[in-house]
Structure formats: C-alpha cells, structure tokens
1. HN-Hα J couplings of the range 260-270 from phi, Karplus 6.51/-1.76/1.60, θ = phi - 60°, integer Hz, Gly and Pro as x?
2. For the chain, give the magnitude of the charge dipole about the Cα centre (Cβ charges: +1 Lys/Arg, -1 Asp/Glu; no others), in debye to the nearest 20.
3. Among the listed pairs LYS282/LYS339; LYS104/LYS344; LYS2/LYS85; LYS231/LYS313; LYS101/LYS275, give every one whose C-alpha distance is greater than 27 Å.
4. Averaging sequence separations of C-alpha pairs under 8 Å and six or more residues apart, then dividing by the length of the range 71-119, give the relative contact order as a whole percent.
5. Cα centroids of the range 305-351 and the range 170-207: how far apart, whole angstrom?
6. From the residues TYR217, THR192, SER205, which one has its Cα farthest along the dipole of the range 185-227 in the positive direction, the dipole being from +1 and -1 charges on Cβ of Lys/Arg and Asp/Glu about the Cα centre?
7. Please report how far the C-alpha centroid of the range 225-277 lies from that of the range 68-101, rounded to the nearest whole angstrom.
8. Evaluate Rg over Rh across the chain, taking Cα atoms for both radii and Kirkwood's formula for Rh.
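The values are calculated or read from the model by the stated rules, or taken from the named source; none is laboratory data. The shown structure was predicted, so the numbers you read here are calculated from the model rather than taken from an experiment. Glycine gets a Cβ as well: all are built from the backbone with ideal geometry, and neighbour counts include every protein chain shown. Just the protein is used for accessible areas: all its heavy atoms, side chains included, with ligands, DNA and RNA removed. Shrake-Rupley method; radii C 1.70, N 1.55, O 1.52, S 1.80 Å.
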Amino acid sequence: MKCKQAFMYGPHDLRIEEVELPPLRDDQILIKLIACGICQSDVECFEGESAEGRYDLGPYTPGHEWVGRAVEIGKDVTSVKIGDKVVGDCVIPCHQCANCKDGKMSSACLNMREVGFRPDSPGGFGEYMILEEAYTHVIPEDWSNEVGSFVENFNVAYWGVWGNGCNPDASDVCVIIGGGPIGCSASMVCATSGATVIVVDPVESRRENALKYGADYTVDPSDGNVEQKIKDLTNGRGADVVIECSGNDIGIASLFDIAGHSARVGVVGHSIGRKVPVEIGKTIWKTLHIAGSGGTTNWFPRTIRFMSKIKDKYDFEDLVSHYYKFEDLAEAMEMARNKAVARKVMLTFDE
C-alpha cells in the first residue's frame, strides 16, 4: 500500500514523499491519521537545535501528538478493533535489555525507539502509520480530534507532575515555567490537586491563555526579576513545586532560584544537546528534590482516564491556534516556529 509521509532529512529539510508501507505484522495496527499536532520538539529538530530527532541515522517521519483510526489489524490484535479511534505512546522500550528487565521506565531502555524521532519509528506526519498493539490506546469515539491529539502532550505534563514524585496538593504553590500547551497541561494537572498555580512566560498572549487552564497568577520574566516576583506571591517562601516546561535556557536557569526550601522540581521541557549554566549549589542549601521526566511507563491509560474527568471543564480545542492540511506542512511548520503567535499548530488529514 502506498501513502504520503513527511521525512526530516536535516535542519530545514522536511519533505513529503510517497512510500510503500510494509505489510502488517501479527501484533501491529494500520492507522489512518486524522490529526497531528506539531510539538516544539519537532520545531527544534527542524531548526537543528535538538539532538532528539535522529536524522543523523537517516531521514525520519516526525509527529508524536497524533490521533487516528484503526483501519487494519494483525491477526493477534485483540484490544483494538477496526474503526476504533486511537492514540499511541511515543517512547517504546525493547523489554529485553538489562534496564528493561530491571523494571526501569521506557526511556531507560538501551534499545529505545521513539515514535516520530527516528528512522525505525515513523510518526504521525503522514497519511498512515503502523504501530504495535501494546502501544496503541483506544479513546472514546465522542472525543474531539483536538482532545485526542492532546493525549500525548498531556501525558508528558501529567507524568512530569505526578509520575516522578512532585505530587502537589492543596497546600502547595506550584510554579509552571512555560505557558505553551505542555505548560498549560501541567497547570491543569496541578490545579486539579487544589494547589495554587503560577505560570511564568514572557509572551503576553500565553500568560493570558494560561489563566483559562488552571493558573491563578501569571508572571512575566522579561525584566529578570522572576525570583522576586515569585517571592512576592509566596510570602517570601518560593515555590513548593516547580515544573519546567519551556526547555528554554533562561527558564531552566531560573529553576533553582524560584524554588523554595525542600521544593520538588520536575524538569519536563526538552533541552537535549545543550548545556545550560545553573547555580547548582542552591540545590544543596535548599535541599531540592529534582526529577527528570523523559518518557513514561504504562501511563497513557491513566492519562486518558484523567482527561476524561476534566475535558468538559477545560477547552482543549482552544489550545489549537492554527490548522493546516497535511499537504501544507511547510506553511504549518513556519507558523509553529512563531511562538509569539502560535499556541498549537495542528495538521489535519482527509478522513
């Protein structure tokens, strides 16, 4: 079967090509794409600012924030039926290496695959994709395409807040660095716990948007006084929980300044391939607990259940600022690069 897929060959080199899909294995599902969000990690790979996208191994098909429909299933597939609306994991372990057998999370896998970032794991920038049943998850048919495509995005934030032990409750002040889609997702998660939520972002439109997704307060860090502003909002204590969702060097460097004593710090935003100067000594004197958030383990079902509880409270559709047909991918990527204007840019496919 032939279909069109996009391939990232290198920085600023993204092409749509016609390919022949391989035959399905017995445990695989053929998925017709409905929609796919463009993540900032896709943008950073496109710009050559991230080492996550492995076009050094060969051209690959990006896209990990997708929703689609199962149109063909292998003979051993039992949990997904033809016609189901589905989403899928991004980080895929081998289950065979020493780390997998030791029970470590998927991103610890020594042979890890990453859907949408490597030649061996084509993502959602294409008309069709193939994925194993184990990493494919059915969502309710009445969910909008926007909510479906946000499952992976929300999963990253939900895991970053709860999966790695940041565990906010109603007594906490949570500071979210970055007001993009993942930052707003983290804000919703923290707000659900009853915590006071502060979102830090230099873009006014993102700060305004964050107030619709769980934030009680917002802070503009542009003048360099973000530490004092957080102290003013916390009676001088600093944050109990800090979730870094921007991947921005300045945002990362501010983590240890705005954290209060014994704060739980979750690092979610990607900065792989760069070294960021930080005042690491503050982690000692503040007794900080720091957790990285790369990849998850069996978290999608929980994310889908969590989103089912809040999707009527928050307008996920409004997180999408721009829609483009797949064939207009070049224009879509250019818009996604414009952080001052774009929130989430969504590719759509003919159903």
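1. Couplings: x, 5, 6, 5, 9, 10, x, 9, 10, x, 6 Hz.
2. Roughly 900 debye for the chain.
3. LYS282/LYS339; LYS104/LYS344; LYS231/LYS313; LYS101/LYS275
4. After rounding, I find 31 percent.
5. Centre-to-centre distance over Cα atoms comes out at 19 Å.
6. THR192
7. 36
8. Result: Rg/Rh = 0.96.
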